[in-house]
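Single-structure report; data block below.
Read-outs throughout are calculated quantities, based only on the coordinates presented, and are distinct from any laboratory measurement. What you see is a predicted model, and the numbers here were worked out from it, not measured in a lab. All Cβ positions, glycine included, derive from the backbone under ideal geometry; neighbour counts span all protein chains shown.
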Amino acid sequence: METVFRVVLMDDDPDLRKLVKLTLEFTAGWEVITAADGVEGIEAVRSAKPDVAVVDFMMPGIDGYEVCRRLKADPETAHIPVVFLTARKELDRLKVEEVGAEGVVMKPFDPEHLADRVRDLCGGEKA
Amino acid sequence: MLVDPSGDLEGGDELLAEIYREFRDGLPARLEAVRVALEALAEGYDSEAAESFYRTAHSLKGTAPAFGAHGLVAPATALADVGRRWFEQGELDAAEASAAFEELERLRIEVERYSAEAEGEAAG
């Protein structure tokens, strides 16, 4: 049986969430679960056990760093790769390493090539 | 345009066109949210208004390019940058607020231009 690559996408912008979800589903055949903020996203990761979590840095409530920190601190989710979405100005590479994220995709990004970028950052496993 | 809404996602063309329409139709509300927050800030610093101003401009800055709305990026970035400073420093001055109103007008013009172009493309 073919295994579908599953991603939890966290971004507070509803238009971007829909665009990225549709693009990943149609161009890469991935299953995309979306969340509008970090708290909702962490819950989604805990219940869906995705192959990767794609996390926007700047979200209301808890930011991307905190989301990653919490996921990596939880034995149930620590193994799940985390890829950040961010604008270059906001990037703090030291913090990215500190919280244990697998990589960063810079905004603006091309939705059609997002799957390739995420797959590369996750080491190409299963995707 | 990064993803062509006229059809390069097999089976998803209509959905994609609908998502583009929603983005375009939602631009006036985004502009209004920035304007309301800026007007509140011009009356006196308010952290809630500063956060709303910053987040709305920041979100637009990051989302617009994915929809091919590249003209919106420069004014949205200028607003997001100043909004971030206001939010982090907890203050703003009149000159900065005045400059932000000019950027907001620039953003409004770019939104009109983008919407007109997008409607033209949708009409065929």
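How charged is the neighbourhood of A:Val82? Take every other residue with its Cβ under 9 Å from the Cβ of A:Val82, and add Lys/Arg as +1 and Asp/Glu as -1. Every neighbour counted, the sum reads 0.
Charged side chains reduced to their Cβ positions (Lys and Arg at +1, Asp and Glu at -1) give chain A a dipole of some 160 debye around its Cα centre. Our helix-only sum for chain A, with -39,500 (n - 2.57) per DSSP H run of n ≥ 4 divided by its residues, gives a mean residue ellipticity at 222 nm of -11000 deg cm²/dmol. From its DSSP helices (H runs of at least four residues, each -39,500 (n - 2.57)), chain B gives a residue-normalised ellipticity at 222 nm of -27000 deg cm²/dmol. How charged is the neighbourhood of B:Val82? Take every other residue with its Cβ under 10 Å from the Cβ of B:Val82, and add Lys/Arg as +1 and Asp/Glu as -1. The answer is -1. Taking amide hydrogens as placed 1.01 Å from N in the peptide plane, the amide H of A:Val104 sits under 5 Å from those of A:Phe84, each at least 5 positions away in sequence or on another chain. A dipole drawn for chain A from +1 and -1 charges on Cβ atoms has a positive end, and of A:Thr34, A:Ile80, A:Phe109 the residue lying farthest that way is A:Ile80. Scaling against 2.2 N^0.38 Å puts the C-alpha radius of gyration of the protein assembly as shown at 1.04. Within 10 Å of the Cβ of each residue in A:14-24, the mean number of Cβ atoms contributed by other protein chains is 6.
Length gain on complete extension for the stretch B:Glu22 to B:Glu102, per 0.36 nm per residue less the alpha carbon to alpha carbon distance?
The span from B:Glu22 to B:Glu102 would gain 26.2 nm if fully extended.
Rounded to the nearest 0.05, the FRET efficiency derived from the C-beta distance between B:Asp13 and A:Ser47 at R0 = 25 Å is 0.20.
The mean number of Cβ atoms from other chains found within 10 Å of a Cβ in peptide B:16-26 is 3, as a whole number. Annotated for chain A: lysine pairs at least 8 residues apart or interchain, Cα distance under 15 Å, count 4.
Taking the Cα centre of chain B as origin and assigning +1 to Lys and Arg Cβ atoms and -1 to Asp and Glu Cβ atoms, the resulting dipole is close to 200 debye. Charge dipole (Cα centre; +1 on Lys/Arg Cβ, -1 on Asp/Glu Cβ; no other charges) of segment A:67-117 amounts to roughly 240 debye.
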